[in-house]
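The next block holds one structure in the form of structure tokens; read it before the comments.
What follows draws every value from the coordinates through simple rules; no lab data is involved. Because the structure is a prediction, the values reported are computed rather than measured. With ideal geometry, Cβ positions are generated from the backbone for all residues, glycine too; neighbour counts draw on all protein chains shown.
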Amino acid sequence: MLTLKNLSFAIDDENGHKDILKNINLTINEKKTVVITGPNGGGKSTLAKIIMGIEKPTAGQILFNGEDITDWDITQRAQAGISFAFQQPVRFKGIDVKKLLSLAAGSELNCHKQVCEYLSEVGLCAADYIGRDVDTSLSGGEIKRIEIATILAKKNTKLAIFDEPEAGIDLWSFQKLIQVFEKMHKTHNTILIISHQERILNIADEIILIADGHVEQIGTKEEIIPRLVSVAGSCDIYKGVNN
Amino acid sequence: MPNQLNDSELQLLEAISGLTGTPDGAYNIRLNGQAQSRASTQNITIEKKTDGKDGIDIRIEPNTINEKVYIPVIMDESGHSEMVYNDFYIGENADVTIIAGCGINNCGSHDSQHDGIHTFYIGKNAKVKYVEKHFGEGGGTGSRIMNPTTVVNIAENGLMEMESTQIRGINSTKRITNARIDKNGTFIVKEKLLTHESQYAESDFEVNLDGENSSANVVSRAVAQDRSQQLFTAKIYGNNKCHGHSECDAIIMDDAHIAAVPEIRANNPEANLIHEAAIGKIAGEQLIKLMSLGLTEKEAEQHIIDGFLK
């Protein structure tokens with residue numbers, strides 16, 4: 001479904017040249033739940049943004065369902081079925097929850113029932129949130145759950161990317177989050193999650209370990225977890241829910 | 001009666017007041033400088049001014065509850081220019097909604113200009129919701145100009161909520177609002193403004209919080225596109241124990257210019273005053289988020305602006 005060929009990303013700024021991703025070669029198979037993990041600063045989020053079209057690779061190729069989408073913009077990729085839940089969701093003055101979910105769905109969601117369905121899946125009571133603006137009045141955990149609800153509302157998702165979905169989410173919501181991924185998995189979506197969380201690693205069909213800009217290892221949880229502790233700077237990457 | 005208006009006049013009327021027929025309540029519809037139609041009710045009297053000035057006096061009896069007054073102004077005669085004085089006397093304990101607004105259709109080569117001074121005398125314990133929409137259209141080369149001045153006097157325990165909207169269409173506007181608030185009185189303003197092309201808009205508030213425990217909240221949301229220019233000035237003077245807040249939040253686009261000049265002045269040690277002003281372009285992350293839902297950049301931009309000015 002998704003193939004990355006010789007993908008690289010570098011930045012040049014006042015501190016000089018820095019390679020963020022180095023010659024990444026990956027294939028994400030259809031209907032799989034794949035978790036990308038690895039130390040902070042290893043290039044995981046950059047890779048997710050490159051797949052969505054938010055960042056442009058400096059070299060390499062991206063194939064989605066056999067089509068070269070390297071030069072496609074964000075809108076084209078979204079319309080082709082790639083969805084993206086942001087690590088730090090964006091806030092809008094004057095756009096309420098119902099409107100944002102309607103924009104995600106591609107048509108006005110009129111009935112409470114539809115909006116309620118998406119919100120309850122992420123553990124929010126629709127009556128409390130449907131008319132609230134997606135602005136600074138929402139807490140970090142609330143906006144994070146609404147962000148995930150936009151992915152559920154988006155109609156044509158074939159590949160859903162979640163960039164650290166657990167960040168800012170409380171324990172109770174976390175259980176809901178796992179259920180969301182399990183349900184998406186059952187409905188045959190391909191899911192790509194950037195995460196450090198053991199319980200998210202647990203639901204993965206495949207784990208990709210990225211460190212220092214390149215793929216260290218690809219394998220099952222049993223194969224990858226022992227490796228994590230040996231990766232430099234990894235003491236904080238494999239953490240339990242309560243940490 | 002509104003049904004004597006032609007189609008384009010009816011469209012203008014609906015755009016500024018929401019009216020599609022004869023209003024329910026007291027009204028005065030002004031067309032190209034003349035009273036096109038007028039009606040009073042038992043509690044609300046609308047009369048032509050007798051002091052020689054062009055305009056009307058609106059008198060609302062004390063204890064008038066849940067009634068509406070419509071005073072829309074329509075201009076579709078290119079080159080027409082007017083200066084109108086409307087005075088509102090709101091009786092004690094009244095609770096009313098006043099829907100004003102001006103629509104100009106200028107298809108000609110001469111400038112059309114409406115200048116209006118609305119003066120409110122809001123009685124003790126009275127509540128007024130004042131809704132004012134400005135709208136312009138027409139393919140002529142003549143400008144559409146509106147300069148509304150609103151003078152507000154709020155007596156003890158009185159309240160005025162003012163909603164002022166101008167979205168596109170007006171080439172030049174200078175809007176002045178001066179308010180004096182007595183004991184326990186409240187003044188709330190929500191202003192929405194969008195300018196484009198080479199339009200100019202100036203909005204100037206001066207609020208005097210004279211009475212003990214008086215309060216004011218002036219909130220402006222503005223979008224400036226193309227080469228348009230805006231100047232927002234808000235002066236809030238705390239002359240007693242009071243609460244005052246002003247907020248100008250603006251999105252700047254293209255080659256536009258926006259200036260926000262907030263001023264707060266405490267003339268009493270128990271005055272509590274806050275001002276906020278922010279100008280910036282649409283945040284890139286907002287565009288990216290909506291594009292990641294499948295919208296084009298233009299569509300995303302439009303939804304962000306629509307929401308901002310909601």
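Things to note:
- Measure of compaction for region B:22-110 (Cα Rg per 2.2 N^0.38 Å): 1.17
- Ellipsoid semi-axes in whole angstrom, largest first, where each is sqrt(5λ) of the Cα gyration tensor of region A:20-136: 32, 16, 14
- Convex hull per residue volume in Å³, alpha carbons only, for region A:155-208: 87 Å³
- Expressed to the nearest 5 percent, the antiparallel share of DSSP beta bridges inside region B:2-284 is 5 percent.
- Computed Kirkwood radius, in angstrom, where 1/r is averaged over Cα pairs of chain A: 18.5 Å
- Each of A:Cys125, B:Cys242 has some number of other Cβ atoms within 10 Å of its Cβ, and from fewest to most they run A:Cys125, B:Cys242.
- Spin-label pair A:Lys221-B:His257: with each label point 7 Å from Cα along the Cα-Cβ axis, the two points sit 6.3 nm from one another.
- Distant alpha-carbon pairs in region A:63-128 (separation over 20 angstrom), percent: 43 percent
- Of all DSSP-defined beta bridges confined to the protein assembly as shown, some 15% are antiparallel rather than parallel.
- Å³ per residue enclosed by the Cα convex hull of region B:115-207: 74 Å³
- Entries in A:Lys93/B:Lys310; A:Lys31/A:Lys221; A:Lys49/A:Lys99 that, when Cα-Cα distance is taken, lie over 20 Å: A:Lys49/A:Lys99
- Note on the protein assembly as shown: along the principal axes its Cα atoms extend 92, 53, 50 Å, ordered by decreasing extent.
- Dipole magnitude (debye, nearest 20) for the protein assembly as shown, charges at Cβ of Lys, Arg, Asp, Glu: 1000 debye
- Computed per residue of chain A from DSSP H runs no shorter than four, each worth -39500 (n - 2.57), the mean residue ellipticity at 222 nm is -9500 deg cm²/dmol.
- The order of B:Phe308, B:Phe205, going from fewest to most other C-beta atoms within 10 Å of their C-beta, is B:Phe308, B:Phe205.
- Calculated log₁₀ intensity ratio I(q)/I(0) where the Debye formula runs over C-alpha points of region B:29-170, q = 0.16, 0.17, 0.18 Å⁻¹: -0.82, -0.90, -0.99
- Across A:Lys56/A:Lys176; B:Lys129/B:Lys174; A:Lys56/B:Lys289, pairs whose alpha-carbon gap is larger than 24 Å: A:Lys56/A:Lys176
- Among the listed pairs A:Lys18/A:Lys186; B:Lys53/B:Lys241; A:Lys113/A:Lys158, those beyond 29 Å (Cα-Cα): A:Lys18/A:Lys186; B:Lys53/B:Lys241
- Reported value for region B:239-310: 104 Å³ per residue, from the convex hull of its C-alpha atoms.
- Projected-area mean, region B:2-284, by convex hull of Cα positions, square nanometres: 14.8 nm²
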